[in-house]
1. Residue separation times 0.36 nm, minus the C-alpha to C-alpha distance between I225 and F165: what's the value?
2. When the chain is fully extended, how far beyond the present Cα-Cα distance does I93 get from A137, taking 0.36 nm per residue of separation?
3. Identify the residues of the stretch 172-207 with backbone N under 14 Å of a label point that sits 7 angstrom from the Cα of V101 along the Cα-to-Cβ direction, or state none.
4. With each pseudo-label sitting 7 Å past Cα toward Cβ, what's the Y125-F175 distance in nm, one decimal?
5. Taking each pair of different alpha-carbon atoms in the stretch 154-235 once, compute 1/r for the pair, average those values, and report the inverse of that mean as the Kirkwood hydrodynamic radius in Å to one decimal.
6. Could you list I155, I129, I110 so that the one with the fewest beta carbons within 10 Å of its beta carbon is first and the one with the most is last?
7. Give me F161, F231, F124 ranked fewest to most by other Cβ atoms within 10 Å of their Cβ, as a rough exposure proxy.
8. Run the simple label-point estimate for Q200 and L149 please: 7 Å along Cα→C-beta, distance reported in nm.
Amino acid sequence: MTAALSDPGLSMVANIALALVLGWVVGYERYFSGRAAGTQVYCLVCATSCAVTLVAGYPGQWYGMAIRDAGVGDPTRVMGSILTGIGFLGAGIIVKSGLNVRGLTTAASIWGSSAIGILVGVHFYLPAIGLTALFVASVALIPRFEHKLPAHSAIGATLRFKPDFRPRAEEIDRFLSARGLRIPVDSLTITRDGDRFELQCLIFGNTSSVGADSMTRIASALAEIEEVVGFTVTHSSRA
């Protein structure tokens, strides 16, 4: 790909675009399985890593090809510090509430924007503009595209049982499995408040379906469990 494009800027944009697409492929596998951190996160991280790596590969183009002048610094010495520092800044806005995680995409965007700054700093203007356009496309357009693709919805459920009833996860799992639903073992949490037990878990459909239909089907199945006196279902978000 690089050999086919004579202009270093165009070559870098093409390589960054390929990295973004490949990052999306990995992210979509997680999204399809209902375990996504947000495919946008994979796109941003993969594209940023590619951009920073490419900067180090074109030393003759740094600062408008002024790197040969005396006193001009090597930007690779500060790139690691910049990316690490911005990474800590982004991590501060990631919030977990119950089964939901918020801020992952925003944190990846903040970290990725530091690569845009690095590209502009070394006068790689075309790659910086290309990376910016790819970022906007991945955050704004990819979710709309993905909603048309098959995926397993992750539904967070909280089940409240009758007094003195001891829930058995394997029995509930068998009950739901017969209705095309499943509970990942690593998502189970059982708590007790007085004489009542409460179970929290993720529920997945065995078929590729997303949206309100999946939640309605899960709610209907939970309503059939006689020992359950109440429940709450919500989409599990990791955006």
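1. Numbers: separation 60, 0.36 × 60 = 21.60 nm, distance 1.24 nm.
Extra length from I225 to F165 when fully extended: 20.4 nm.
2. Numbers: separation 44, 0.36 × 44 = 15.84 nm, distance 2.22 nm.
Full extension of this stretch gives 13.6 nm more.
3. 187
4. Taking the simple label geometry, Y125 and F175 are separated by 6.6 nm.
5. So the Kirkwood estimate lands at 12.7 Å.
6. Ascending Cβ contact count within 10 Å gives the list I129, I110, I155.
7. Listing F161, F231, F124 from fewest to most nearby Cβ atoms yields F231, F161, F124.
8. Spacing of the two 7 Å Cα→Cβ label points: 3.0 nm.
Each value in this text was obtained by applying a stated rule to the coordinates, not by laboratory testing. If you're wondering where the values come from, they're calculated on a predicted model, not measured in any experiment. In this analysis, Cβ positions are derived from the backbone assuming ideal geometry, glycine residues included, and neighbour counts consider all displayed protein chains.
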